[in-house]
Amino acid sequence: MEQRGGKDLEQETWFVRHYAWIGLFALWMIGFIGAISRFIMAAYQVQMAEDLHVSRGFISAAWSTNLLIAALCAPIGGRLVDRFGPRRVLLLASIFSISGTALVYLGHNPSFFFIGYGMLSGLAGIGASTAYVLLFQWFGRHKAKATGILSSASSVGLAICTPVFLANAKLTWEIAFLISAVLGLVCTIPLIIFLIKPTLKFQQVDPATEPIEAVNETTEPRSSQPHRNQSAIPLVIIAFALFTCGINMGTVEMNIVAIHQQAEVATGMIQLSMGILGVMEIIGSLIFGIVMDAMNKRRVMTLLYGIRVLSFLILLLHTSWSPLVFAITFGLTYLGAVPGGLLIASELTMKKGKLIGNLMLFHQIGGIVGALIGGIAYDMFQSYQVLIGLDAILCGIVVIGYSIMRIHTFRQKGELVHVA
C-alpha cells in the first residue's frame, strides 16, 4: 500500500508540474480569440461606417463605450473571482463576448452594433483579472515568464489577423465577427470547461517545481509576502504606474502614426517602424518575463519605465532615426508593465482578484485618458509635443516611485531580520 501511495503521489506531482503549462496554453488561446474583435474594429472602421450609414465618430463611440464598460467591470469581476473562482467568471466573461460579437453579425443595424460591441462585449471586462489570478496560483518561480507569454497573445493576434483582414477583399467585417463568435463558441468555451481546473490544490503540492526562494538581492524579500500591516504606499505606486502605462498605450495606439506624419516621416518608414514595434512587443514580453524571474521585480520595473522615459525623449527629438529607435525601445517595454505591476501587487494581499480588478481599472482609465489627451493637445497646440513630454514626465515619476518602493521593501526586510 505504501508503494502504491508513493506511486500515486509521484503521478499526481508529475501532473501538477506539467499542468500549469497546459493551462497557460489554454489561456493564451482564449486571449488570442478574445482579442480578434479588437482587430476587426481597427481594420474595418471605414467599411463599418459606410455599411451601417453612420459616422466614424459613432464607431469610435462604440469602441470608447466598450473600453469604459470593461474598465468599470474589472473591479466587479475581481470581487466575483475571489467569491466564485476565476473559472466561472472567465466563462461568464466569454459568454458576454460571444453574445456581443454574435449580435453584431445578426443585427446589421447601428443599434445592434452599439449594443453588441459597445455594451455586451464590454461586459466581458469582468474577466480582466481571471488569467492573472490563475497564473499566479499555478506558477511559483516562473510567474513572470508565464505572464510574458500570455501577454504575447494579443501581439501575435495583431500580426496574424490584421494582414489577413486587409489582404482578403471577400472577408467582410460581418463575416469576421461571425468567425470570432464561432471560435469563441467552439474553442473558448471547451477550453475553459475542460482545461481550466481548480487551482488551489495545484499550488500546494508542487514543492519540487516551485521551490521557496532564498532571501537575497535577486529574489523577493519575505516582507513582500501578504500580511495585515502591509503599507499602502506600494499599492499607490503600482496604481499610478498602471495609470501611466495606460496613458502610454493610448498615446501609441491612437496617435503614433499621426505623430510621425506631423513630423513628415515617410510612409514607408512609418510602416517599417510599426512592423518593428509589433515584433519588439513579442520579444520584449518574453525578455522581461525571463528577467523578472531572475532579478528583483521592483528593480526590473524601474528599468522598464526608465527605458520608456528614454523612448519618449527620443520621440520628442523627431530625428530621422527617431521612429525606428522608438519602435525598438518602447516595443521592448510594451507588454511588460502591466503583468510586472500586477505580479508585485499579488504579493501584497490574499484577495488577488479584488486587487487585480481594481488595478486594471486604473490602467483602462489611463488608456482612455491617453487617447483623449492626444486629440485635445493637438487641437490646442497644433502639435503632439505636449503629449509626448507628458508621457516622459509620468514615466519618470514612476521610476522614482518604484525606486522608493524597493527601498521601502528592503527596509521592511531589515526590520524583519532584526526582529528574528
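The values are calculated or read from the model by the stated rules, or taken from the named source; none is laboratory data. Computed from a prediction, not measured in an experiment: that's the story for all the values here. Neighbour counts are summed over all protein chains in view; Cβ atoms, including those assigned to glycine, are modelled from backbone coordinates with ideal geometry. To get the accessible areas, we keep the full protein, side chains included, count just its heavy atoms, and leave off ligands, DNA and RNA. Shrake-Rupley method; radii C 1.70, N 1.55, O 1.52, S 1.80 Å.
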**Study point:** Gyration tensor (alpha-carbon) shape descriptor, segment 9-198, a/c threshold 1.5
**Key:** prolate
**Study point:** Which of 156, 300 is most accessible, then next, and so on - probe 1.4 Å
**Key:** 156, 300
Point to revise | Accessible-area ranking of 260, 142, 53, largest first, probe 1.4 Å | key: 53, 142, 260
Check your understanding: Quick one: with all protein chains in place, what share of the accessible area of segment 9-198 is carbon or sulfur, to the nearest percent (1.4 Å probe)?
Key -> 69 percent
Check your understanding: What order do 264, 281 take when sorted by accessible area (1.4 Å probe), most exposed first?
Key -> 264, 281
Point to revise | segment 261-311 and segment 338-378: distance between their alpha carbon centers, rounded to Å | key: 18 Å
Exercise for review: Just order 235-241, 374-380 by mean Cβ neighbour count inside 10 Å, highest at the front, would you?
Suggested key: 235-241, 374-380
Check your understanding: For segment 231-419, what is the accessible area per residue in Å² when the probe is 1.4 Å?
Key -> 42 Å²
